[in-house]
Amino acid sequence: MDYKCEITKIATRIREIRVERGMTIQELAYLCEMERSNLSRIEAGRTNLTIKTICTICNALKVNLTDVVK
C-alpha cells in the first residue's frame, strides 16, 4: 500500500464532501478550529494526516470516518 496514494484519496474525498456541502475552505477550517492554510494543504494531499485530524474534519462535515477513508 502506497501511503501517498492513500493520503491523496482521503484529501480528494474531503474536498468532494466539502464542496457537496457548499462549504468554503475557510468555513470548514473554522469548524475544525484550524488555519485555512492547513486545511488547504490537507485537501491538496501535501500533509500527513493524523487520525485525530481526520476525525475532526469528519465531525465538522457531519460524516463518518468510513465516508472519507473508503
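Rule-based calculations on the coordinates, nothing more; no lab input. Since the structure is predicted, the reported quantities are computational estimates derived from the model, not experimental observations. Heads up, the Cβs are rebuilt from the backbone with ideal geometry, glycines too, and the neighbour counts pull from every protein chain shown.
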Discussion item. To make sure I understand the rule: partners must be lysines, Cα under 16 Å from the Cα of K52, and not fewer than 8 residues away in the same chain. Which ones qualify?
Written reply: K62
Fill in: Calculated [θ] (222 nm, deg cm²/dmol) that DSSP helices of n ≥ 4 give over the chain, each run adding -39,500 (n - 2.57)
-21000 deg cm²/dmol
Practice prompt. Determine the shape class of region 1-45: with a ≥ b ≥ c the square roots of the Cα gyration tensor eigenvalues, call it rounded for a/c under 1.5, and otherwise prolate if a/b is greater than b/c, oblate otherwise.
Written response: oblate
Practice prompt. Evaluate the distance, in nm, between pseudo-label points positioned 7 Å from the Cα of E6 and of C55 along their respective Cα→Cβ axes.
Written response: 1.7
Fill in: Contact order normalised by residue count of the chain, Cα under 8 Å, 6+ apart, percent
39
